[in-house]
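The values are calculated or read from the model by the stated rules, or taken from the named source; none is laboratory data. What you see is a predicted model; the values in this text were computed from it and never measured. Neighbour counts run over all protein chains shown; Cβ positions are idealised from the backbone, glycine included. These accessible areas exclude ligands, DNA and RNA; they are computed on the full protein's heavy atoms, side chains included. Shrake-Rupley method; radii C 1.70, N 1.55, O 1.52, S 1.80 Å.
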Amino acid sequence: MSKLCIRGGERLNGDVIINGAKNAAVAILPATILVDGISVIENLPNINDVSILNETMCSLGAVTKFIDTHTLEVDASTVYNHNALDECVSKMRASYYLLGALLGRFKYAEVAMPGGCDFGGRPIDQHIKGFKALGADVEVIDNVIKVSAKRLIGTRIYLDVVSVGATINIMLAAVLAEGTTVIENSAKEPHIVDVANYLNMMGAEIKGAGTDVIRIKGVEKLHGGKYTIVPDQIEAGTFMIAAAITGGDVCVKNIIPEHMDSLSSKFREMGIEVIEGDDYLRVIAPINFKATTVKTLPYPGFPTDLQPQMAVLLTVANGVSTMIEGVFENRFQYIEELKPTGAKIHIEGNRAIIEGVESLKSSHLIATDLRAGAAMIIAGLRATGGETVIHNVKYIDRGYETVETKLSALGANIYRK
Ligand code: EPZ
């Protein structure tokens, strides 16, 4: 099992180029199943979740080819198998998008119940509610979800919970349905807009993505085409936080700055300078910055996927900060793993009270999930007194492309062993 080793204390300096968004990629790849033809997807991040999905698509009968590291051609005209039951499917939460795509095109699918990072419950009741509203039968037998429909008829669906996955999955199931589907109380994340843009590029008629009401007018079929994935808001935020914790000066490039507004405004409140360009943000950080309060919320609120990374930044702020997790039941498991660094954090329900300390101690840290792993890297970049060793790097590789190469280029003392 590979590990990441970091000697903290180096101020990060320079430019970093952000890759395509993981959470757009893991939805758009399944969405290519809806196309009876060839899709060429550009700006795909070179990460494990994309590799797993590519293998799964091939097991369904799609023919795929990497044109280059970040461009995949998918011919879904040959998809014949509507069952995705391999173990790797159950290991990745985004596998549930195969349900919406296979149901939407073939009116049938069997997919292993998705796993994914454990933040308390990870129900899919809203996905099922949407499929049933469109006319599908849904059964869950022996940890396999089976969906089938004679016809899919457009309808109005109100989401009881603002859910990224349910919003996208219902969109996938509705795009070839008869009539119009209206999703109300839909999530508004940038990757939702990206999925809608991809589908519209292929001939779908989706309006309102990025707002809380999305209208999908069913069409007969989708044609092939080319699409470039949106930059990764969470990778960008992770590098912005890495710059901040080291008192660095880093230009995060190839991004959409407005996607980062919640983080940029928090940084400015804390006394960390953020200079905005057309497709970059430059973070110029003092080594001392103010404590603050952060609450994670669905977009455009502060992203829950930056919660662990931001909490680590706050462990060395001047004063006492509060981190409130407003999306998941329990996304603080990583805090126990941070204890060896000397961070002073205690949990009160969905709040983490963080007392700023002068410095963090180098130590062995265990990544418990993807973004917790990113948080351990953030801690390692600041920790002194030796070498921080991060275990379970496989989690980090699920969502970050060559993270140590990018950090080394910014001056971090980091290597993989
Ligand atoms: C997506 O997960 C992302 N994953 C997560 O990113 C991200 O944290 C999350 O959205 C929120 O932004 C992917 O896109 C692959 P939700 P998802 O449905 O779709 C509840 C990462 O690190 N809920 O928006 O599973 C749920 O329990 C990962 O990249 C229901 O109650 O999240 C949660 O409290 C981690 N019923 C809230 O809604 C449902 O049917 C938001 O979940 C669905 C969700």
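Descriptive notes on the structure:
- Expressed to the nearest 5 percent, the antiparallel share of DSSP beta bridges inside segment 1-77 is 100 percent.
- For Asn413, distant residues with modelled amide H under 5 Å away: Arg7, Glu10
- Taking each of Lys22/Lys217; Lys22/Lys417; Lys22/Lys406; Lys394/Lys417; Lys290/Lys339 in turn, the alpha-carbon distance tops 19 angstrom for Lys22/Lys217; Lys22/Lys417; Lys290/Lys339.
- The stretch between Glu205 and Asp118, if pulled fully straight at 0.36 nm per residue, gains 27.8 nm over its current Cα-Cα span.
- Residues Thr180 and Asn330, FRET efficiency given R0 of 25 Å [Cβ-Cβ distance, rounded to 0.05]: 0.10
- Taking the chain and dividing mean pair separation by its residue count, relative contact order in percent (alpha carbons under 8 Å, at least six apart): 21 percent
- Ellipticity at 222 nm from helices only: DSSP H runs of n ≥ 4 in the chain, each -39500 (n - 2.57), divided by the residue count, give -9000 deg cm²/dmol.
- Distant-in-sequence amide H partners of Gly218 (H built 1.01 Å from N, under 5 Å): Gly179, Thr180, Thr181
- Backbone amide hydrogens, once placed in the peptide plane, bring Ile366 within less than 5 Å of His391, excluding anything fewer than 5 places away on its chain.
- Over segment 297-417, equivalent-ellipsoid semi-axes from the Cα gyration tensor in Å: 22, 18, 13
- A crude spin-label estimate for the pair Asp15 and Glu139, with each label 7 Å from Cα along the Cβ direction, gives 5.7 nm.
- Residue by residue, segment 143-152 carries 3J(HN,Hα) couplings of 6, 10, 9, 10, 10, 8, 8, 6, 9, 10 Hz when phi is fed to the Karplus relation 6.51 cos²θ - 1.76 cosθ + 1.60 (θ = phi - 60°); x denotes Gly or Pro.
- Residue-wise HN-Hα couplings along segment 264-271, as the Karplus relation 6.51 cos²θ - 1.76 cosθ + 1.60 with θ = phi - 60° gives them from phi, are 4, 5, 5, 4, 5, 4, 8, x Hz; Gly and Pro carry x.
- Share of pairwise Cα-Cα distances greater than 38 Å in the chain is 21 percent (whole percent).
- Segment 129-183: C-alpha gyration tensor shape, a/c 1.5 cut-off, then a/b vs b/c: oblate
- Computed extension length for Ser265-Arg93: 58.9 nm, one decimal, from 0.36 nm per residue of separation with the Cα-Cα distance subtracted.
- Label separation (Asp279 vs Thr293): 3.9 nm, computed from points 7 Å beyond Cα along the C-beta direction.
- The chain: antiparallel DSSP beta bridges as a percent of all, rounded to 5: 70 percent
- Carbon/sulfur fraction of accessible area - the chain, other protein chains in place, 1.4 Å, %: 49 percent
- Charge dipole (debye, nearest 20) of segment 23-135; +1 at Cβ of Lys and Arg, -1 at Cβ of Asp and Glu: 460 debye
- Farthest toward the positive end of the dipole of the chain, out of Ile192, Ala209, Gly386, is the Cα of Gly386, where the dipole comes from beta carbon charges about the Cα centre.
- Accessible area per residue, Å², the chain with all protein chains present, probe 1.4 Å: 37 Å²
- Taking the Cα centre of the chain as reference, the dipole from Cβ charges on Lys and Arg (+1) and Asp and Glu (-1) amounts to some 300 debye.
- Among Asn288, Gly225, Ala236 the positive-end extreme of the charge dipole of segment 210-296 (Cβ point charges): Gly225
- Taking 0.36 nm per residue of sequence separation and removing the Cα-Cα distance, the Ser77/Tyr158 pair yields an extension gain of 25.9 nm.
- Nearest 10 degrees, 0 to 90: helix 22-31 Cα axis against the chain principal axis: 10 degrees
- Gyration tensor verdict on segment 91-230 (Cα atoms; rounded if a/c is under 1.5, prolate if a/b is larger than b/c, oblate otherwise): rounded
- In segment 221-271, one over the average inverse separation of all distinct C-alpha pairs is 12.7 Å, which is the Kirkwood hydrodynamic radius.
- Between segment 125-187 and segment 299-324, the alpha-carbon centres lie 33 Å apart.
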